[in-house]
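The structure appears below as structure tokens.
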Amino acid sequence: MPPSFLPGLINDASGDPGLFISFAFNRRAVAFDLGEIAALSPRDSLKISHVFITHTHMDHFAGFDRLLRIMLGRSKTLYLYGPEGFLRNLEGKLSAYTWNLVQKFTNQLIIYATELTETKRITRRYACRDGFQPASGPQSSDALPPLPLRVLYQEPSFNVSASILDHGIPCLGFSLKENFRINIRKERLEALGFVPGPWLQRFKQAVYDGQDPEWIVPVTQGKNHSPNFRHYTIKELLQEIAMVGKGQKISYIADAAYHPANVEKMIGLAKDADHLFIEAAFLEKDREHALKKHHLTARQAGEIAGKARVRRFTLFHFSPRYQHSEKLFYSEAMEAYSEQLKGIPGTPGA
Ligand SMILES: [Zn+2]
Ligand SMILES: [Zn+2]
């Protein structure tokens, strides 16, 4: 069963941070951070519906201009999320351009941006036709009880949660979690004479969307040259051909200081992730410097990955002071990761 979400760093480990997560079963993607995104094709950029920004240091947000340029003049809604101060930073970017011609655009780009703080979540709407001025009238604002981890966005098949980490400034860490996986039992398809086809995806999507169990799916049966259709309910198909299992989890930690309270939050965020993308700006020999800059070393990143029992991790955000040192970063991180997992039964492989 292929994974539902395909994550990949936009740049190499020394480049600007940015994770592009494409959806395996439809033409859609989400992104964590937007540093330089020239490596992303316009076609891929246009798949992005939601962008989650850890913080607005330039290396994490400079790519927003390029994304805006690509999406401008298209009929599209883009959702952005960021930490405290995010709306002010976004409005600064949007007000840096002259928008006297956009009223004539037939296609309208609309941006919904949400800022998450310890106690509240504020959302504002920006429409292209209004020159991206924040919409007048009441903005949505929820008062939130303090929690280490909160769901920032959700839809029936997955959610994205955030933790507010310390990077000298508030910096969000993210986890995308699929609510569950639907595994198709191939032997049952064969036994029942079901022919795999687009109906399988329709069935899975309907389950992910929380459709009524009595909803009907036309199933292709028989040989390809003489197919016929029989109607089954979602409930029947779940019983006959599917197994529902644990969903995929992808975590992303960019720019965080190494101290006990922050480490605890990072472990909570990445707990049991299938794939953790974690910054490692420095090597352990420069640990003091990393602390001053509110960044992690490779060893610290590996230790956090091990304590969170992630199945796999990828390092990024290597400082330009290290040339061609990728192996060193990984050997240091892998050593710490393995130390954490030593002696734990059912140890996952990295
Ligand atoms: Zn930073
Ligand atoms: Zn950074």
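From the cross-link list 285/307; 120/177; 186/307, which pairs have alpha carbons spaced over 31 Å apart?
Numbers: 285/307 21 Å; 120/177 22 Å; 186/307 36 Å.
As for pairs spanning more than 31 Å Cα to Cα, those are 186/307.
For the chain, what is the charge dipole size about the Cα centre, in debye to the nearest 20, if Lys and Arg each add +1 at the Cβ and Asp and Glu each add -1 at the Cβ?
I would put it at about 860 debye.
Starting from the amide H of residue 242, placed 1.01 Å from N in the peptide plane, find each other amide H under 5 Å away whose residue is 5 or more places distant or on another chain.
185
Using a 1.4 Å probe on the protein heavy atoms, what percent of the accessible area of the stretch 181-245 belongs to carbon and sulfur? List each step's numbers first, then the result.
On the way: 2120 of 3930 Å².
For the stretch 181-245, the apolar C and S fraction of the accessible surface comes to 54 percent.
Over the chain, calculate the relative contact order: mean separation of alpha carbon pairs under 8 Å at least 6 apart, over the residue count, as a percent.
Dividing the mean separation by the residue count of the chain yields 11 percent.
Return the Cα extents of the stretch 181-245 along principal axes one, two and three, sorted largest first, each rounded to a whole Å.
33, 21, 16
For residue 265, which aspartates and glutamates qualify as cross-link partners when the Cα separation must be under 18 Å and same-chain residues fewer than eight apart are set aside?
Correct list for residue 265: 84, 118, 166, 255, 274, 279, 303.
How many times 2.2 N^0.38 Å is the alpha carbon radius of gyration of the stretch 198-350?
Details: Rg = 22.7 Å, N = 153, 2.2 N^0.38 = 14.9 Å.
For the stretch 198-350, the normalised Cα radius of gyration is 1.53.
Could you provide, to the nearest whole Å², the per residue accessible area of the chain with probe 1.4 Å?
In whole numbers, the chain has 48 Å² accessible per residue.
Helix by helix, which DSSP H runs in the chain go 20 Å or more along their axis at the Cα atoms and have an average Kyte-Doolittle hydropathy of -0.5 or more?
none
Can you give me the Rg/Rh ratio for the chain, using Cα atoms for both radii and the Kirkwood formula for Rh?
Looking at the chain, the ratio lands at 1.01.
Run the numbers on the stretch 181-245 and let me know its relative contact order in percent, using alpha-carbon pairs under 8 Å that are six or more apart. Could you put the intermediate results ahead of the total?
On the way: 81 pairs, mean separation 28.0, N = 65.
This gives 43 percent for the stretch 181-245.
If packing is taken as the average count of other Cβ atoms within 10 Å, what order do 199-212, 255-268 fall into, highest mean first? Walk me through the numbers on the way to the answer.
Details: 199-212: 16.4, 255-268: 18.2.
By packing density, highest mean first, the sequence is 255-268, 199-212.
Looking at the chain, what % of its DSSP beta bridges pair antiparallel, to the nearest 5?
Looking only at bridges with both residues in the chain, the antiparallel portion is about 70 percent.
What length, rounded to one decimal in nm, is gained on full extension from residue 118 through to residue 335, with 0.36 nm per residue of separation minus their alpha-carbon distance?
Gain on extension, residue 118 to residue 335, equals 74.7 nm.
To one decimal place, what Kirkwood hydrodynamic radius in Å is obtained for the stretch 174-214 from all pairs of distinct Cα atoms?
For the stretch 174-214, inverting the mean 1/r across all distinct Cα pairs yields 12.0 Å.
With +1 on each Lys and Arg Cβ and -1 on each Asp and Glu Cβ, how big is the dipole of the stretch 181-245 about its Cα centre, in debye rounded to the nearest 20?
Details: 9 positive and 7 negative charges, 46 e Å.
About 220 debye.
Taking the dipole about the Cα centre of the chain, with the C-beta of Lys and Arg at +1 and of Asp and Glu at -1, give me whichever of 128, 63, 314 is farthest to the positive side.
128
For residue 288 and residue 100, compute 0.36 nm times the residue count separating them, minus their Cα-Cα distance, and round to one decimal in nm.
Between residue 288 and residue 100, full extension yields an extra 62.7 nm.
Would you mind getting me the FRET efficiency between residue 66 and residue 14? Use the beta-carbon distance for r and R0 = 30 Å, nearest 0.05.
With R0 = 30 Å, the Cβ-Cβ based efficiency is 0.95.
The values are calculated or read from the model by the stated rules, or taken from the named source; none is laboratory data. What you are looking at is a predicted structure, and each value in this text was computed from that prediction instead of being measured. All Cβ positions, glycine included, derive from the backbone under ideal geometry; neighbour counts span all protein chains shown. Just so you know, the surface numbers come from the protein's heavy atoms only, side chains and all, with ligands and any DNA or RNA stripped out. Shrake-Rupley method; radii C 1.70, N 1.55, O 1.52, S 1.80 Å.
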